[in-house]
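Colleague: Quick one: this structure, given as C-alpha cells, is what I'll be asking you about.
The values are calculated or read from the model by the stated rules, or taken from the named source; none is laboratory data. This structure is a prediction, so every number in the text was calculated from the model and none was measured. Ideal geometry is used to build each Cβ from the backbone, glycine not excepted, and the neighbour counts take in all protein chains shown. Areas reflect the complete protein model, heavy atoms only, side chains present, ligands, DNA and RNA absent. Shrake-Rupley method; radii C 1.70, N 1.55, O 1.52, S 1.80 Å.
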Amino acid sequence: MLAFIESTDHELSQQAVVFARGCLGPPDEGGDGTVSVVAVADGTPYAPAAWAQAIVGRIRESAPVVVLAPGTDRGNELLAHVAAILDLPLAANCTDLGGRGGEVATVSRVRWGGSLLEVAHVHGSRLLLTVAPHAVPAAPIEVPVELLTPDLAGAAAVVRERVEVSTAGVSLADAPVVVSGGRGVGSAEGFAVIEELAALLGGAVGCSRAVTSAGWRPHSDQVGQTGTKISPELYIACGISGATQHMAGCKGAKKLLAINPDAEASIFASADYGVIGDLHTVVPAISAELLKARGA
Amino acid sequence: MNVLVCVKRVPLTGGRIVLTDDERAISTKHLGFTISPHEECGAEEAVRIVEQHGGSSTVLTLGPPEAEEQLRDVMAIGVDRAIHLVTDGDEWDPQATAAAIVAAVRAEAAAPDLIVFGNESADAGNYQVPIRVAHALGRPCVTGVQAIALEDGGGTVRLEQEVPSGARDVYVVPLPAVVSVKEGLNLPRYPSVPGRLRAKRKPVQFSTPPRPEPRLELVRLAVPPGSGRQVTVLGHGPEAAPAVVGLLAELGLV
Ligand SMILES: Cc1cc2nc3c(=O)[nH]c(=O)nc-3n(C[C@H](O)[C@H](O)[C@H](O)COP(=O)(O)OP(=O)(O)OC[C@H]3O[C@@H](n4cnc5c(N)ncnc54)[C@H](O)[C@@H]3O)c2cc1C
Ligand SMILES: Nc1ncnc2c1ncn2[C@@H]1O[C@H](COP(=O)(O)O)[C@@H](O)[C@H]1O
C-alpha cells in the first residue's frame, strides 16, 4: 500500500493514511499488510506531471497493490496523472473499499459533490484511489514519511509564484455564522438586509448560484457543489429553494434556519428551523429584534 | 487561436434525487438537462478568447443523441461549431471518454491550441478526463483554473489556479495546452434570441465511436441517508423575529 500525502499535519492527508491502514487488512486477507507513506519535501515547486512521475518511480520500485491520496485538489490531480501515465483506472473520492479479488476491486465513491453515492468495480493490476474528505476520522501519522524528489527539469507546468487575493471581512469558509441569500432576494441591492444581519452576528454573507449567475454577488460568495463548502455553527438560508447542488455546500452546518414564503420548498426538508415568510420583512425584523435584545 | 471546449450533458436535479428502478441512473422523467457551471465558464472563455484574438471555437460532447441540445446551447452564446460523439446513453468511464476525445482531436484538420475542460464533471466527478487527454497528446495541463491570459503573441498562456487558502498559484505554459476551469473564471453571458437562432444553423459533426469495456464500472447508485433534520417552524412573517432571536440566544449568538 502506498499513500501519497500533502503533509503530516494536513487533516485530509491523515484521513487518507487511516483509510490506507484499513484498506485491505492483513496479508492473509489479500492486503500487503504494510503502508508506505510518501510526500514531496516542503518548498519544492508544485509541478503536477513531474511530481506524478516521482510517485510512478516509487510505485515501480515496490509494486504496491493499492495507491492512494487524499481527495484534495492536489491529491486528485496527482493520482489522475499517475493513472494516465500507468494507463490504469482511478476512482476519485472513495468513502469505502469493499475488497479486491483477482484484478477487480469494489469501491464506494461520491458523485454530485456528495449528493449521491456510487458502488463501482475498478479493473486493473493495481488499485488507484483518492479518499473523500471525512470518509474516516483523522489520526496523527505515526510511520516515517519518505520524501520524494521530483525531477523538475523540463517540466512545462510549474507554479511560478503564489499571489495573495485580498479578502475583506470574515471568510465564508471559516465563518461561525453564514447568512445566505438566493433568488428570493430579488436584486443586488436587496442584499443590504442580508449584509446587516450577517454583520450583527459577526458572520459572512453567502449566496446561491441563481444570485451569482444574475451578477448580484461575486462567485466567491457562492455556497454549493461548484462554490464553497462550509460547516458553520448556524446557516441562515433566505430565499433559497434547497436544490441538491446548493445543499452539497451547506449540509455540514450544525444548525440550519430557512426563511421562505413557500412552505413546500425543499429547503425545509433539510432545515432545523423555519420561518414561513418574505425575507424582505422577516430579516429586518430579526435585525431590529437583535439590536433591541442587545439594548442598543 | 483555435479553442476546443468539452462539455457533458447531465440532469438538472431539483431538491431531491430519484433513481431509476435498476439504481444505475437518476430518473430523469421530470427533469431538464444542463452542463456543469464549470463547463459554462469554459465555453464563455472560449468565445472571449476568439473575440479578442481571432480564430475559431468548437464545442465537443460525448453523449446520447439528445446531447445535441447542450451543443446548441453552447453555440448560442457564440461557439462556432460542434463535434458530437454519439453514444447509446450509457455513461462512458473516464479512460474511454478521454480516449474518444483524443481521437477526435487528432482527426481535426487544425489542432486546437487550447483545450478547455471543466475541473470535474457535474455528475461523475472523476477529476481526470482533462489530465488523461493532456497526457495522451503530450501537452501541459493545468487544472482548477480561475484566470486565463494569452501572452507572448499567443505563444504562451498565464493561468491562475485557486488554492484552499484563497490565494492563487500562477503557471505560464506554452501552447498548445490543456486547461480545466472552475466556476468564477468569468460570468457567462445568457444566450440572446438571435444567438439561439444562429445556433440552429451552425454545423455539428457526428460520429459514433465504439464503447470499450469500462474499467471504472458503475455497479449501482444510492441516495445517501437524509440529513435527519426535523424542521421546527418558529413562526410566520416578521412576528417570528422574537422566536428567532430566542434561538440565536440559545446558540450563544446574541
Ligand atoms: C452541476 C451544477 C452545480 C451547481 N452548483 C451550485 C452551487 O454551487 N450553488 C448553488 O446555489 N446552486 C448550484 N447549482 C444551481 C442549483 O441547481 C439551483 O439552480 C440554485 O441553487 C437555485 O438557487 P435559488 O435557490 O436561489 O433559486 P430558486 O430555486 O429559484 O429558489 C428561490 C426561492 O426563493 C423563494 N422566495 C421567493 N421570493 C421570496 C421572498 N420574498 N422571501 C423569501 N423567499 C423567497 C422561493 O419560494 C424559492 O424557494 C448548480 C447546478 C448544477 C447543475
Ligand atoms: N462525456 C463527456 N463529453 C465531453 N466532455 C466530457 C465528458 N465527460 C467529461 N468531460 C470533460 O472532462 C471534465 C472532467 O470530467 P471528469 O473527469 O469526469 O470529472 C468535464 O468537466 C468535461 O469538460
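Colleague: Can you pull out the buried accessible area for chains B and A, both sides counted, probe 1.4 Å, rounded to the nearest 100 Å²? Write out the running numbers ahead of the final one.
Modeller: Working: alone 14430 and 14810 Å², together 22440 Å².
For B against A, buried area totals roughly 6800 Å².
Colleague: Among the lysines, which fall within straight-line cross-link reach of B:Lys8, defined as a Cα-Cα distance under 20 Å, with same-chain neighbours fewer than 8 residues apart omitted?
Modeller: Cross-link targets: B:Lys29, B:Lys182, B:Lys200, B:Lys202.
Colleague: Also, quick follow-up: Rank by packing, highest mean first: peptides A:201-211, A:34-44, with packing defined as the count of other Cβ atoms within 10 Å averaged across residues.
Modeller: A:201-211, A:34-44
Colleague: Of A:Tyr235, A:Tyr273, B:Tyr127, which has the most accessible area with a 1.4 Å probe, and how do the rest follow in descending order? Walk me through the intermediate numbers first.
Modeller: On the way: A:Tyr235 0, A:Tyr273 40, B:Tyr127 60 Å².
Final ranking, largest accessible area leading: B:Tyr127, A:Tyr273, A:Tyr235.
Colleague: When the Cα atoms of chain A are enclosed in a convex hull and the volume is divided per residue, what value in Å³ results?
Modeller: Working: hull volume 47.5 nm³, N = 296.
Dividing the Cα hull volume of chain A by its residues yields 161 Å³.
Colleague: Using the alpha-carbon atoms, what tilt in degrees (0 to 90, nearest 10) does helix A:11-22 show relative to the longest principal axis of chain A?
Modeller: Approximately 50 degrees, to the nearest ten.
Colleague: Give the percent of DSSP beta bridges with both residues in the stretch B:2-222 that are antiparallel, rounded to the nearest 5. Before the final figure, lay out each step's value.
Modeller: Working: 17 of 43 bridges.
Roughly 40 percent of the DSSP beta bridges within the stretch B:2-222 come out antiparallel.
Colleague: Continuing with this model, one more query. If packing is taken as the average count of other Cβ atoms within 10 Å, what order do A:186-194, A:285-293 fall into, highest mean first?
Modeller: Details: A:186-194: 16.0, A:285-293: 18.4.
Per-residue Cβ counts within 10 Å, averaged per peptide and sorted highest first, yield A:285-293, A:186-194.
Colleague: Taking beta carbons within 10 Å but only from partner chains, what does the mean come to for residues A:199-206?
Modeller: Numbers: counts 0, 3, 4, 1, 1, 0, 0, 0.
The per-residue average across the peptide is 1.
Colleague: Sticking with this structure for a sec: Name the long-range amide H neighbours of A:Val165: under 5 Å, sequence gap of 5 or more, or other chain; modelled H, no Pro or chain starts.
Modeller: Amide H neighbours of A:Val165: B:Ala167, B:Arg168.
Colleague: At 7 Å along Cα-to-Cβ for each site, give me the label-to-label distance between A:Val65 and B:His30 in nm.
Modeller: Roughly 4.6 nm, to one decimal.
Colleague: Now for a different question. Could you go through the stretch B:90-106 in sequence order and give the Karplus-derived ³J(HN,Hα) for each residue, using 6.51 cos²θ - 1.76 cosθ + 1.60 with θ = phi - 60°, rounded to whole Hz, and x for Gly and Pro?
Modeller: 5, 5, 8, 6, x, 5, 5, 4, 4, 4, 5, 5, 4, 4, 5, 5, 5
Colleague: Return the carbon/sulfur percentage of the accessible area of the stretch B:2-222, one whole number, probe 1.4 Å, all protein chains in place.
Modeller: In the stretch B:2-222, the share of accessible area belonging to carbon and sulfur is 51 percent.
Colleague: Could you state how much accessible area A:His134 has, in square angstrom rounded to the nearest 10, with a 1.4 Å probe and all protein chains kept in place?
Modeller: 130
Colleague: Oh, and also: Principal axis extents for the stretch A:121-160, Cα atoms only, whole Å, descending order, please.
Modeller: 37, 31, 20
Colleague: Need one value for A:74-81: mean number of C-beta atoms belonging to other chains within 10 Å of its residues' C-beta atoms.
Modeller: 6
Colleague: Roughly how tilted is helix B:37-53, in degrees to the nearest 10 and between 0 and 90, from the longest Cα axis of chain B?
Modeller: The angle comes out at about 40 degrees.
Colleague: Return the distance in nm (one decimal) between the two label points of a simple spin-label model at B:Asp22 and B:Glu239, each offset 7 Å from Cα along Cα→Cβ.
Modeller: Between B:Asp22 and B:Glu239, the simple spin-label model gives 5.4 nm.
Colleague: Kindly provide the pair-distance distribution of the protein assembly as shown built from C-alpha pairs, with 20 Å bins from 0 and whole-percent values in order of increasing distance.
Modeller: 21, 53, 25, 1
Colleague: Accessible area of the stretch A:2-147 with a 1.4 Å probe: how many percent of it is carbon plus sulfur?
Modeller: Result for the stretch A:2-147: 51 percent of the exposed heavy-atom area is carbon or sulfur.
Colleague: Follow-up question, since we're still on this one. By the scheme Lys and Arg +1, Asp and Glu -1, what is the net charge of all other residues having a beta-carbon under 13 Å from that of A:Val223? Don't skip to the end; give the middle numbers.
Modeller: Values: positive: A:Arg209, A:Arg217, A:Lys229, A:Lys251; negative: A:Asp221, B:Glu183.
Summing Lys/Arg as +1 and Asp/Glu as -1 gives +2.
Colleague: Rounded to the nearest 5, what % of DSSP beta bridges with both residues in the stretch A:2-147 are antiparallel?
Modeller: Expressed as a percentage, antiparallel bridges in the stretch A:2-147 total about 45.
Colleague: I would also like to ask the following. When the solvent-accessible surface of protein heavy atoms is calculated with a 1.4 angstrom probe, in what order do A:Val159, A:Val17 fall, highest first?
Modeller: Output order, biggest surface exposure first: A:Val159, A:Val17.
Colleague: If ligands, DNA and RNA are left out, what is the accessible area of B:Arg220 with a 1.4 Å probe, given in Å² to the nearest 10?
Modeller: 110
Colleague: Can you give the Rg and Dmax of the stretch A:15-130 based on its C-alpha atoms, in angstrom?
Modeller: In Å, with Rg to one decimal and Dmax whole: 13.8, 41.
Colleague: With θ taken as phi - 60° and the coefficients 6.51, -1.76 and 1.60, list the Karplus ³J(HN,Hα) couplings across the stretch A:251-266 in order, rounded to whole Hz; mark glycine and proline as x.
Modeller: Each residue's phi maps through the Karplus curve to give 5, x, 4, 5, 10, 10, 10, 10, 10, 6, x, 9, 5, 8, 4, 5 Hz.
Colleague: For the stretch A:78-135 and the stretch B:143-177, what is the separation of their C-alpha centers, rounded to whole Å?
Modeller: Rounded to whole Å, the Cα centres lie 29 Å apart.
Colleague: Still on this model: Any idea which of A:Val158, A:Ser287, A:Thr72 is furthest toward the positive side of the dipole for chain A, if Lys and Arg beta-carbons carry +1 and Asp and Glu beta-carbons -1?
Modeller: A:Ser287
Colleague: Could you state the number of Å between the C-alpha centres of the stretch B:71-126 and the stretch B:48-62?
Modeller: Rounded to whole Å, the Cα centres lie 13 Å apart.
Colleague: Now a separate question. Can you tell me the Rg and the Dmax, both Å, for the Cα atoms in the stretch B:2-222?
Modeller: 17.0, 55
Colleague: When Cβ neighbours within 10 Å are restricted to other protein chains, what is their mean count per residue of peptide A:45-54? Numbers along the way, then the final one.
Modeller: Values: counts 1, 4, 2, 8, 5, 0, 0, 2, 0, 0.
Other-chain Cβ atoms within 10 Å of each residue's Cβ, averaged: 2.
Colleague: How large is log10 of I(q)/I(0) for the stretch A:56-213 at q = 0.11, 0.14, 0.17 Å⁻¹ when the intensity is taken from the Debye formula with one equal scatterer per alpha-carbon?
Modeller: The calculated log intensity ratios at q = 0.11, 0.14, 0.17 Å⁻¹ are -0.71, -0.94, -1.09.
Colleague: Can I ask one more? With a probe of 1.4 Å, find how much accessible area the protein assembly as shown has per residue, and write the answer as a whole number in Å². Please list the in-between numbers first.
Modeller: Values: 22440 Å² over 550 residues.
That works out to 41 Å² per residue.
Colleague: Would you mind computing, in nm to one decimal, how far apart the modelled labels at A:Ala293 and B:Leu187 are, each placed 7 Å from Cα along Cα→Cβ?
Modeller: About 3.5 nm, to one decimal.
Colleague: Right, something else. Could you go through the stretch B:63-80 in sequence order and give the Karplus-derived ³J(HN,Hα) for each residue, using 6.51 cos²θ - 1.76 cosθ + 1.60 with θ = phi - 60°, rounded to whole Hz, and x for Gly and Pro?
Modeller: Values per residue, Gly and Pro as x: x, x, x, 4, 5, 4, 4, 5, 5, 5, 4, 5, 5, 5, 8, x, 5, 7 Hz.
Colleague: Out of all DSSP beta bridges in the protein assembly as shown, what portion is antiparallel? Express it as a percent rounded to 5.
Modeller: If I count the DSSP bridges inside the protein assembly as shown, around 35 percent turn out antiparallel.
Colleague: Distance between Cα centroids, the stretch A:219-292 to the stretch A:152-212: provide it in whole Å.
Modeller: 15
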